[in-house]
Amino acid sequence: MISTLFICLGNICRSPMAEGLFIHHVKEAGLLDQFEIDSAGTGGWHAGERADPRMLETAAKNKIHLPSRARQVKPKDFEAFDYMIVMDHSNKRDIEKLKKQHGGKAQIILMRDFDELGKGEAVPDPYYGGGKGFDEVYEMLNRSTAGFLNWIQEERGISS
Ligand code: 4NP
């Protein structure tokens, strides 16, 4: 089983969309039984909530299902997951600091390192912006999650 945890700040905008899109790509590749896919936030303010209504609308428009209920990253995630995929550099710093405290095997990776149109850049937080932000985040995450799956398949020698 390959386990992946998508992480942002609140776990109601970016990481739920990354999770939903990754599930979609893995399903299309016929590999769903080989993956555990989840998302979480470095903060816990929205624990228990579904994705932000604006993100749910963007997802519905693109026929993507977002199953997430927000939760905060917990110490045992660092041992339970193979990959922790963070949305921006602030998430990366926070998660690297927590990994130092808790230990664990998880590899921490920046989501857009798999986006050929923005390697090394952040997925911007759309929470305080307008609707266009959500569509742009969708496009970035669609490219990045597809690229991430390709990378894992190559890395592990898995064909679709
Ligand atoms: P996300 O967006 O990290 O993409 O889920 C945010 C949602 C809520 C908050 C911050 C970021 N908040 O501070 O409540």
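The values are calculated or read from the model by the stated rules, or taken from the named source; none is laboratory data. Since this is a predicted model, take the numbers as computed values, not measurements. Cβ sites come from the backbone with ideal geometry, for glycine too, and all protein chains shown count toward neighbours. The area values use the complete protein model at the heavy-atom level, side chains included, leaving out ligands, DNA and RNA. Shrake-Rupley method; radii C 1.70, N 1.55, O 1.52, S 1.80 Å.
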The stretch 47-64 residues that are farther than 19 Å from Gly129 by Cα, paired with ones that are modelled with pLDDT under 95 (beta carbon under 7 Å, 6 or more apart): none
Residue that is most open to solvent (accessible area, probe 1.4 Å) [pool: residues in the stretch 36-57 that are over 22 Å from Asp82 (Cβ atoms) and either at pLDDT below 95 or touching a Ser or Thr at 6+ places or on another chain (Cβ under 8 Å) (or both)]: Arg50
Counted residues, the stretch 58-98 - those being open to solvent by less than 60 Å² (accessible area, probe 1.4 Å), more than 19 Å from Met17 (Cβ to Cβ) and not in a loop (DSSP other than H, G, I, E, B): 4
Some residue of the stretch 11-28 being near the ligand (Cβ under 10 Å from one of its atoms), farther than 15 Å from Pro67 by Cα and among the β-branched types (Val, Ile, Thr): no
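More than 16 Å from Arg14 (Cβ to Cβ) and in contact with a helix residue (DSSP H, G or I) (Cβ under 6 Å, 6 or more places away or on another chain), is that true of Lys99? Steps first, please.
Values: more than 16 Å from Arg14 (Cβ to Cβ): yes; in contact with a helix residue (DSSP H, G or I) (Cβ under 6 Å, 6 or more places away or on another chain): yes.
Considered against the rule, which asks whether it is more than 16 Å from Arg14 (Cβ to Cβ) and in contact with a helix residue (DSSP H, G or I) (Cβ under 6 Å, 6 or more places away or on another chain), Lys99 comes out as yes.
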Residues located in the stretch 6-35, provided they are out of contact with any helix residue (DSSP H, G or I) (no Cβ under 6 Å at 6 or more places or on another chain), among the hydrophobic types (A, V, I, L, M, F, W, C) and crowded, with 24+ Cβ neighbours inside 10 Å: Ile12
Ala40 vs. criteria of a type in the set (A, V, I, L, M, F, W, C), within 11 Å of the ligand (Cβ to nearest atom) and closer than 22 Å to Leu149 by Cα: yes
Any hit, the stretch 79-96, residues being of a type in the set (Asp, Glu), in contact (Cβ under 8 Å) with a residue 60 or more places away in the chain and under 14 Å from Ile7 (Cβ atoms): yes
The stretch 125-152, subset among the small types (Gly, Ala, Ser) and in a helix (DSSP H, G or I), residue farthest from Ile85 (Cα to Cα): Gly131
Some residue of the stretch 132-150 being out of contact with any Cys (no Cβ under 9 Å at 6 or more places or on another chain) and over 19 Å from Ile64 (Cβ atoms): no
Any pair with Cβ under 7 angstrom, 6 or more apart, that starts in the stretch 103-132 at a residue that is open to solvent by 80 Å² or more (accessible area, probe 1.4 Å) and ends at one that is within 16 Å of the ligand (Cβ to nearest atom) and in a loop (DSSP other than H, G, I, E, B): none
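Conditions (1) in contact with a Phe, Trp or Tyr (Cβ under 9 Å, 6 or more places away or on another chain); (2) within 23 Å of Ser3 (Cα to Cα), marked per residue:
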{"residue": "Glu57", "(1), (2)": "yes, no"}
{"residue": "Gly118", "(1), (2)": "no, no"}
{"residue": "Asp135", "(1), (2)": "no, no"}
{"residue": "Met140", "(1), (2)": "no, yes"}
